[in-house]
Structures are given as C-alpha cells and as structure tokens.
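No value in this document is a laboratory result; all are computed from the given coordinates. Worth saying up front: this structure is predicted, and the values here are computed from it rather than measured. Cβ: placed from backbone, ideal geometry, glycine included. Neighbour counts: every protein chain shown.
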Ligand code: BES
Ligand code: MN
Ligand code: ZN
C-alpha cells in the first residue's frame, strides 16, 4: 500500500473511493435521536453542496448516526471523478482515540476491498481534534489501513488467496508535509512489523521450528544491518542453561538462543528485550488436552514480537540501544523428555523441581533472564504467552504487565495508551512466593491453578536480580479467536506498537 500527500479537495480527487468522516452528534437534552455532523474540513460539506444536500438527507433518513466504524456507501454517478463516496462514522468527538482511529482505518480498507477500489482518498485536517495531533491521527489511520488489509492465506491454493485491490491512499491535508510524511513512515513500519509478527504466529509448527526462526532472524538482521548471534545446544551447555535445555531435550528440533543488537550513534540507555519462542507447546509429558492444541503453534509469539520490534526500530532509529534475546525450543513428550519430579539446576544455581512440564516457558526465560541481567542493562522487558490464567483474567484484548519497578511499568502503560493497545497491570504479590518454595528444591516450576499469571511472574523474578524489569503475559492478546476489523482470527502482533512507542521515548 502506497501513501501520497496532496492538497485540494475530495471533489476533484482522482481516486476510486473518497471517504468522509462523520462525528456522532451528542443528542441535546430531551432528544433521543442524534444526527451526525459533516465536518467542513474533511471535505464533507463541499461534497454535500455538489450533491444538493443529498448526503445530509441520506444521513438523516437512514439514521446514520456516525457511531464508530459504521458506514454508508453512496454511488457518485459521475458527478465527481471518484466512483463512490463512503461515509464513515468516527464516533463521538471527545471519545476519539488511537485505537478507534486504527479501527476506522481498518474499516476503510475493508470497504475499499468490497468495491474493488485501487485508490482511496481522505482528508486529514491539521487542527487538533479532541487534543489529538494531526501526526497521531495520520499514523493511526495508516496503521489501521495496513492492519485491516492483513490476510494469512499463503497456505491456500492460489485461486483462493485474496488479491488486495487497494494500492494507493491519497491523503488530502493542509498540515505540514514533513509531519505527515514522518507519521506515515512510522505507521507503516509499526503496522508492517505487526503483520510480520502475525505471520510468524500463524505459521504452522512444522515450518516454523527454532532453527527456521533463527534463519528468519538472520534475514532480518542482514536486511536491517543489525548484528546477530545464534547459540545452539553447545553454547547453551557452556552457559549451564539447564532449565532451558530441559525443555528442549524431548524434541528432535535443536534449541536456539537468538541475540540481535541495535546500536544507534547516541544512546544513553541500554534496554534488553526477551521473548519466549516455544514453536510448539504440546505440554510435554504433562500433555495438554487435544482440544485446540494446534493453537500452541503460536507459543512463540513473545519472540516474534521482539524480533518484529527490532525490525521496526532498525527503520525508525530511536536513540536507545536495544538487545533482543529470543530463547526458542519445542516442548514435546519423548523418552528423553524432562518429566515431573525432575530437579534441574538453572544457570544461576537455583534448583527447580518440575511439577508440570507444561510450565515450560518460565524455564526458558529463567536462564535467559539470568544471562541477560548479568549484562546489567538499564531495563529488561520480557514478553511471553506464559499462562492460561492471563486468558481467564483479561480475555483477548488485554496484555498483563507485572514487574519490580513501578516507574518502568508506568512508562510502558503510557506507551500502550499512546499506541492504542490495551495493557493492565497485575500485582506482583510477594506473599504468593511461598507457594513456589514448598518442594525439595529451591523452587517448583508451577504454583498451581490460582493466580497463575502472578506466580509465574514471581518465578521469573527469581532470575533477574536487582535489574529493573517488567514482564508482559501476552497469552491472551497474542491470538484472537473472535477476530475484528483490525485482525482476522489468528496471531495478532499485539504489543509491537507499544514496544516501539516505548523505545521511541528515550
Ligand atoms: N503456553 C502456555 C500458556 C498459554 C495458554 C498460552 C493458553 C496461550 C493460551 C504455557 O506454557 C502453559 O502451558 N502454562 C500453563 C501453566 C501451568 C502449568 C502452571 C497453563 O497455563 O496451564
Ligand atoms: Mn506450556
Ligand atoms: Zn507454553
């Protein structure tokens, strides 16, 4: 999808489809129905004049309220160069949000596809709307247009794959060109990285093994000139990463620890990202029920988010040094597999009694976090599809965040708000730690069914020392069964936008 900036108006726009945003009007006291208002600067009123008030009338008659994402398509019948006019509801002005505008962008992409439009034109006016800068609105629309066009159909026969029709988006604006261009580039980098994450989460586990993931990371590094090292079993053994290796020992697929580095010219801070990449989680000997087990191909989503974030920042170049670590393994049952009752000595010397081989993610993360925090970065942030408990607690929309430094967490929450993603903090309640220390070893690897997300994070906290650290449990938001305008059923790429926003703040 190609973006172009133009001046002029929608009346003369050379595009197949022109879109007019309509705010939902607040009803006056005692009035039930509310009619949307066409905002002058978005080109709506000009078009309305040309159509002799037809548009306004249509809105009134059909009771198009302008509520968020609702649309009406009007055939332009040769009165303007465009074939169709699309009215799109923006919702209430004071409720306009980044997330809402992304959804509206996605709705535009869907409607363009519906009428087979190759080009779309819309107006983005320079004045702030609801304290919302033109750059932020532009970026959100770009992200929505790209995310709403996402399909994963490369495994279908060629004739069944969707051919996307929308090639060009012409943005008519009175805002400074440089501002718009920057916003478009940012939106594109973030949305494309998000789609890359979705692809990785959706790729079947026979094709996306740990080695295959390492190959993909090498390609990203080469393309973006990032440095990369990939450790195999030998290096993991040298590092005494026995917790990590225990998970891998039941699989014929060799484990890898991928390390990418981004280093800008000036950087005051050094941040480490860590992402769980279990390319298939069968549960191991503590095998999962077969229902929906195929979805455990997406248990590498934390690693995918981290890799995609590196791709985006290599393009956007924030002033912060970033190291990404992606521990990757399969979790399989086998004669050689680790088993409940085993006691394993982790890299930092702590012993872990295995209660459930299905609590494997924290084993990979434990050794990786101990290695990473030895390097004394300013902050460590890990992302993992770690607990089913996060799904029960927060549902598909939210990521859970926990950590040992409230200032870091506050910064991440604020970044997620600006990125239009949903994150909710859970308490890192130390009193639950007793549940992890009652076995014959220093730790058990499962704190049982209660407060799973918290006890899993407490487990991780035993491997980060004094380093300022935050953990995202993305078990819920990395995958959607519901699907939405912004994302079909499958991997979501959730948290790439938040991480890029966070890293851009240094
Ligand atoms: N990968 C799963 C967590 C998960 C569940 C991700 C549902 C996405 C959707 C993780 O490895 C796991 O199996 N966790 C266990 C922890 C338990 C044994 C303490 C779980 O959630 O049951
Ligand atoms: Mn598991
Ligand atoms: Zn898992």
The helix 177-202 Cα axis meets the longest alpha-carbon principal axis of the chain at an angle in degrees, between 0 and 90 and rounded to 10, of 50 degrees
Label model pair residue 263, residue 7: point-to-point distance (7 angstrom along the Cα→beta-carbon line) in nm is 4.6 nm
quick note, segment 322-478, DSSP beta bridge pairs, % antiparallel (nearest 5) is 35 percent
Computed on Cα atoms, the radius of gyration and Dmax of segment 274-381 in angstrom are 15.9, 49
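Expressed in nm to one decimal, what extension gain is obtained for the pair residue 290 and residue 114 from 0.36 nm per residue of sequence separation less their Cα-Cα distance? Don't jump to the answer; show the numbers that get you there.
Details: separation 176, 0.36 × 176 = 63.36 nm, distance 3.74 nm.
Gain on stretching residue 290 to residue 114: 59.6 nm.
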With label points set 7 Å from each Cα along the Cα-to-Cβ direction at residue 238 and residue 211, the distance between them in nm comes to 2.0 nm
Bridge orientation stat for segment 2-175 from DSSP, antiparallel percent rounded to 5, came to 30 percent
The helix 210-224 Cα axis meets the longest alpha-carbon principal axis of the chain at an angle in degrees, between 0 and 90 and rounded to 10, of 50 degrees
For segment 2-175, using Cα atoms only, the Rg and Dmax in Å read 16.1, 57
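Per DSSP helix of 4 or more residues, -39500 (n - 2.57); summed, then divided by the residues of the chain. What does that give at 222 nm, rounded to the nearest 500? Mind dumping the intermediate values first?
Values: 14 runs with 169 residues, N = 506.
Taken over the chain, the calculation gives -10500 deg cm²/dmol.
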Everything considered on the Cα gyration tensor (a ≥ b ≥ c; rounded for a/c under 1.5, else prolate if a/b is larger than b/c, else oblate), segment 426-506 must be described as oblate
Taking the alpha-carbon centre of each part, the distance from segment 455-473 to segment 282-307 in Å is 21 Å
Rounded to the nearest whole number, the per residue volume of the convex hull around the C-alpha atoms of segment 105-211 in Å³ is 120 Å³
The helix 134-147 Cα axis meets the longest alpha-carbon principal axis of the chain at an angle in degrees, between 0 and 90 and rounded to 10, of 70 degrees
In segment 192-503 the DSSP beta bridges are antiparallel at a rate, in percent to nearest 5, of 45 percent
In cubic angstrom per residue, the convex hull of the chain built on its Cα atoms measures 160 Å³
